[in-house]
Amino acid sequence: MAGRLGDFLRIVISRLWSARWLIAGAIVALAGLAASSGATVSSVLLAVLFVVAVAALAPRRDGLGRTERVADAGRTPFDAITAEHLAASVSDPLVICDARGSVVYANKPAANAFSALNEGTSLILRFRAPEMQDLIGGLLSQGKGGSIDYAERLPVERWFRVTASPIGQAGGFFVLVFKDQSETRRIDRMRADFIANASHELRTPLASVSGFIETLRGPARNDPAAREQFLQIMQNQTARMARLIDDLLSLSRLETKPFLNPADRLDLRPLIDGVIDALSPLAKESGVRIERDFGEGAAIVAGNRDELIQVFENLLENACKYGQSGGRVLVSIDRAASGYDGMLDVAVRDFGPGIPEEHIPRLTERFYRVDVETSRGQKGTGLGLAIVKHILTRHNARLTIRSKPGEGSTFTVHFPQA
Amino acid sequence: MPTHHIVSAFDEELKYLANRIAAMGGHAERMVDQAVFALVNSDHGLARQVVANDEFLDIGQREIDEKAIVIIARRQPMADDLREIIGAIRISGDLERVGDLGKNIAKRVVAVTEARQPVRLFRGIESLAELALTQLKDVLDTYASRSIDRIGFVRDRDDQIDAMYTSLFRELLTYMMEDPRNITACTHLLFCAKNIERIGDHATNIAETVYYIVTGAQMPAERPKEDKSHKVTAQATAAADPS
C-alpha cells in the first residue's frame, strides 16, 4: 500500500516538475487576469489549484513516449546484443583493434592463446612476423582486409590462419580472427618426426637382434647354453624397442594436442600420493624408500590430471632408478618458495651419485643420455625428461635441476600459483 | 605508448620508431629461426635466403638512427620521450647484430653440411637456439606491452643459455677428439653455438634497455656470467674458447 502511494507521489512530482514552466505561466496569467478584472483572491487561488491538479493528475501521452513505444515494439532481444557479447562467444581467438592498431578488445581464447596481449597493446608491436606486419600495416593504412598463414613458434609451435577485416562501413575498427590450424600441421610433423626418431633409435636394438638371429642360425646352432643367453638378450632388446615406441608415441601425442592453458584446478597432494603408491613395487625392487614432506594444506594448481601424473611418474621413476645407491627419495611441496613470487614448487630429490654439471642443461633434450650404458641398463629410452619438459611447458610451469656429484640431484617443478 | 603530446605529429613519430623496431624484431626472430632450421635440415636455399634478408635489418637500423636524430633535433624531447628515442636507437643496434649473427650461421650451413653429419651434432644447437629465441621473443613482447614485472626471467634464462653453451662446447670438443674428420663441421658448429649464445646476450641487452625506457633506472646490476667454456680443456692440451 505504502509502495503504491510512494509510486503515485513520485509520478505526481515528476509530472509537476516536467510541467513547471507551463504551471508558472498559467499562474502568472491568472494573477494578471485577476488583477485586471478584480476577481477575489480565493477564486484566483482556486483556479491556480485547478491548473496544478490538472497538470499533476491528467493522463498524458506525449510524442516522445509514443516513439519510444514504437521503437520498443520493433526492437527484438537481438538488437540488445553488443559487439562485445558477440566477440566473447566466438571460440577462435579474436582481436578487435582501433585505427591506431591498439587492441580494444581481445576475447578469452585470444588471451589464452597469446601472452602479452592486453587492452592498449599495439598489434604491430605484438605480432612481429613479417607477414603479420604486412597484413596489419595494409589493414590500418588502407582498410584492406586479407588472410595469411602465421606461425607462432614459441612456447609451443602453433599455426594460425589469420583473417583481418574492417568492421562495418564507418571504419575506425578492425577485427583479426585467428583460426588454429596447428592440429593438421602437427599431425604431418608428427609423422615425419616419428619416422625420423624411430628409425634412428630403433636401429641399434634391431641390429643387435638381427645379429643374434644370425648367430643362432649359424655358429650357435647346436649350443643350448648360448641359445638361452642370446634369446634372453633378444627379449630384452625387443622389450626396449616396445618401450621406445610407447614413449615416442606419447611424446608425439602430446605434441599434437592443442595448446591450451589448462583450466582444471586440482590438488597435487593426492595426485602425488597416487603416483608414489603406483611406483612402490619399483621402489621396493630398487631398494629405495620414498619419503614425503608435503607441509600443511592443499597444493592447488591449474593442470591436466593425466599429464601431471605422467610428469611425477617420470621424475620419481628416474629418482628411484638413478638414485638407487642413496636408498631414499624425498618428495616435498613448497608453497611460495624460491625467488619467484607466487610459485608452487614440487621437488623430487634423490641421494644417488648425482649428475655431472656439464650434462645438466641438456637433460631435457630428446635421446640425451648422461651415460648410455647405465641408461640402457635401467631401461631408459632417453625420452622421459623430454616428455616432462613438454608437459610442463604446456602448463606454464618450469623444471629446474640442481645436482652435485656425490650428493644426489633435485628436480624441482615450479608451478604458477592457481 | 599512451602519452599524448600537444603536437600529435610527435606522437606519430614516436609510434613510427616503435613500429620499425617491431618490424626489425620480427625479421631478426625469423632470420635466426630459419638459419638454425637451414643448419639442422641442410637446406641451402633457405640459408641463401636468410643471408639476403639481412639487408632489411641494416636498412631498418639506419632508418631508425636517422629518424631518431631528426626527432631529437626538432622536438628536443625530455624524460621518457628521450628515453624512448635513445632506447629505440640502442635496441635497433642490438637487433641488427642479432641479424648479423643469424646471417653468419646461415653462411656456415654449406660448410657444415658438405658431408652428412649425424643428428646428435645438431640436437644441442637446436635446443640452444630454442632457448635464445624464447629469450628474444619474451624480451620483444615486453617491449610491446611495457610490463616489466616478468623481466626477472630474462636473467634466469640467460643463465640457462650460458650453461647450455658450455655443455655444448664440451660435447663438440669430445666429437673432435673422437675423430679428426669431425673437426671441420664441429668448429663451424662451435661458432654457430657461440653466435646463438651472443643472440641471447643481445636479447638480455634489449631487456635492460626496455627496463630503462619504462622505469628510467638501470636494471639491478647482477648480470650472471655463467659461461664457463673458457675453462673447458681437452685433457692436457689447453683447447680453450678463443673468444
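The values are calculated or read from the model by the stated rules, or taken from the named source; none is laboratory data. Keep in mind the model is a prediction, meaning the values are calculated, not measured. Reconstructed Cβ throughout: ideal geometry from the backbone, glycine too, with neighbour counts over all protein chains shown.
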Check: Given the structure, is residue A:336 at pLDDT below 75 and at positive phi?
Finding: yes
Checklist line | Residue, farthest from the other protein chains (Cβ to nearest Cβ), within region A:125-142, restricted to residues that are surrounded by 23 or more Cβ atoms within 10 Å (Cβ to Cβ) and touching an Asp or Glu at 6+ places or on another chain (Cβ under 8 Å) | finding: A:126
Checklist line | Every residue from region B:100-127 that is at the interface with another protein chain (Cβ under 9 Å from one of its Cβ atoms) and aliphatic (A, V, I, L, M) | finding: B:119
Check: When both residues are 6+ apart or on different chains and their Cβ atoms are under 8 Å apart, which pairs have a first residue that lies in region A:186-202 and is over 16 Å from residue A:158 (Cα atoms), and a second that is assigned to a helix (DSSP H, G or I) and among the β-branched types (Val, Ile, Thr)?
Finding: A:198/A:245; A:202/A:245
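State whether one or more residues within region B:178-191 are of a type in the set (A, V, I, L, M, F, W, C), under 30 Å from residue B:212 (Cβ atoms) and under 21 Å from the mean Cα position of the chain (by Cα). Lay out the reasoning, then the answer.
Here is the first cut: in region B:178-191, the residues of a type in the set (A, V, I, L, M, F, W, C) are B:183, B:185-186, B:189-191.
Cutting the leftovers down to under 30 Å from residue B:212 (Cβ atoms) gives us none.
For region B:178-191, residues of a type in the set (A, V, I, L, M, F, W, C), under 30 Å from residue B:212 (Cβ atoms) and under 21 Å from the mean Cα position of the chain (by Cα): absent.
Can you tell me which residues in region A:358-380 are within 14 Å of another protein chain (Cβ to nearest Cβ), out of contact with any strand residue (DSSP E or B) (no Cβ under 8 Å at 6 or more places or on another chain) and part of a helix (DSSP H, G or I)? Lay out the reasoning, then the answer.
In the first step, residues of region A:358-380 are kept if they are within 14 Å of another protein chain (Cβ to nearest Cβ); the result is A:358-372.
Those still in the list that are out of contact with any strand residue (DSSP E or B) (no Cβ under 8 Å at 6 or more places or on another chain) too: A:358-359, A:361-362, A:365-372.
Of everything in region A:358-380, those that are within 14 Å of another protein chain (Cβ to nearest Cβ), out of contact with any strand residue (DSSP E or B) (no Cβ under 8 Å at 6 or more places or on another chain) and part of a helix (DSSP H, G or I) turn out to be A:358, A:359, A:361, A:362, A:372.
Within region A:367-381, is even one residue touching an Asp or Glu at 6+ places or on another chain (Cβ under 6 Å) and modelled with pLDDT of 85 or more?
Here is the first cut: in region A:367-381, the residues touching an Asp or Glu at 6+ places or on another chain (Cβ under 6 Å) are A:381.
So of that shortlist, the ones also modelled with pLDDT of 85 or more come out as none.
Looking through region A:367-381, none of the residues is touching an Asp or Glu at 6+ places or on another chain (Cβ under 6 Å) and modelled with pLDDT of 85 or more.
Scan A:115, A:182, A:122 and give me the residue that is within 9 Å of chain B (Cβ to nearest Cβ), hydroxyl-bearing (Ser, Thr, Tyr) and crowded, with 19+ Cβ neighbours inside 10 Å. So that I can check it myself, show each step before the final result.
Working: A:115 fails: crowded, with 19+ Cβ neighbours inside 10 Å; A:182 fails: within 9 Å of chain B (Cβ to nearest Cβ).
Of A:115, A:182, A:122, the one residue that is within 9 Å of chain B (Cβ to nearest Cβ), hydroxyl-bearing (Ser, Thr, Tyr) and crowded, with 19+ Cβ neighbours inside 10 Å is A:122.
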Notebook entry, point to check: Got a sec? Which strands (runs of 3 or more DSSP E) wholly within region A:79-175 have at least 2 residues that are over 29 Å from residue A:188 (Cβ atoms) and out of contact with any helix residue (DSSP H, G or I) (no Cβ under 8 Å at 6 or more places or on another chain)?
Noted result: A:103-106
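Looking only at region A:149-175, count every residue that is surrounded by 15 or more Cβ atoms within 10 Å (Cβ to Cβ) and under 18 Å from residue A:92 (Cα atoms) and tell me the total. Reasoning before the result, please.
Going residue by residue through region A:149-175, those that are surrounded by 15 or more Cβ atoms within 10 Å (Cβ to Cβ) are A:150-156, A:158-160, A:162-164, A:166, A:173-175.
Keeping just the survivors that are under 18 Å from residue A:92 (Cα atoms) gives A:150-152, A:156, A:158-160, A:162-164, A:166, A:174-175.
Adding up the residues that qualify gives 13.
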Note to self: If the requirement is being at the interface with chain A (Cβ under 9 Å from one of its Cβ atoms), farther than 20 Å from residue A:364 by Cβ, out of contact with any Ser or Thr (no Cβ under 6 Å at 6 or more places or on another chain) and among the aromatic types (Phe, Trp, Tyr), which of these qualifies: B:165, B:143?
What the structure shows: B:143
Next item on the list: Can you confirm whether region A:347-354 contains a residue that is acidic (Asp, Glu), closer than 29 Å to residue A:284 by Cβ and surrounded by fewer than 17 Cβ atoms within 10 Å (Cβ to Cβ)?
Entry: no
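Results for (1) surrounded by fewer than 20 Cβ atoms within 10 Å (Cβ to Cβ); (2) over 26 Å from residue B:192 (Cβ atoms); (3) free of Cβ contacts under 8 Å to residues at least 40 places away in the same chain, shown as yes or no for each residue.
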position: B:85; (1), (2), (3): no, yes, no
position: B:88; (1), (2), (3): no, yes, no
position: B:103; (1), (2), (3): no, no, no
position: B:106; (1), (2), (3): no, no, no
position: B:136; (1), (2), (3): no, no, no
position: B:150; (1), (2), (3): yes, yes, yes
Check: Got at least one residue in region A:236-252 being modelled with pLDDT under 85, among the β-branched types (Val, Ile, Thr) and under 35 Å from the mean Cα position of the chain (by Cα)?
Finding: yes
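Quick check: anything in region A:381-399 in a loop (DSSP other than H, G, I, E, B), away from every other protein chain (no Cβ under 14 Å) and in contact with a helix residue (DSSP H, G or I) (Cβ under 8 Å, 6 or more places away or on another chain)? Step through it out loud before you land on a result.
Start the filter on region A:381-399 by keeping residues that are in a loop (DSSP other than H, G, I, E, B), which leaves A:381-383, A:395-397.
Next cut, away from every other protein chain (no Cβ under 14 Å) only: A:381, A:395.
Retained after the next criterion (residues that are in contact with a helix residue (DSSP H, G or I) (Cβ under 8 Å, 6 or more places away or on another chain)): A:381, A:395.
Yes - at least one qualifying residue is present in region A:381-399.
This table checks each residue for (1) in contact (Cβ under 8 Å) with a residue 40 or more places away in the chain; (2) outside the structural domain of residue A:328 (by TED's automatic domain parsing); (3) buried (at least 21 other Cβ atoms within 10 Å of the Cβ).
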{"residue": "A:369", "(1), (2), (3)": "no, no, no"}
{"residue": "A:374", "(1), (2), (3)": "yes, no, no"}
{"residue": "A:379", "(1), (2), (3)": "yes, no, no"}
{"residue": "A:411", "(1), (2), (3)": "yes, no, yes"}
Check: So which of A:243, A:269 ends up being assigned by TED's automatic domain parsing to the domain that holds residue A:388 and surrounded by 13 or more Cβ atoms within 10 Å (Cβ to Cβ)?
Finding: A:269
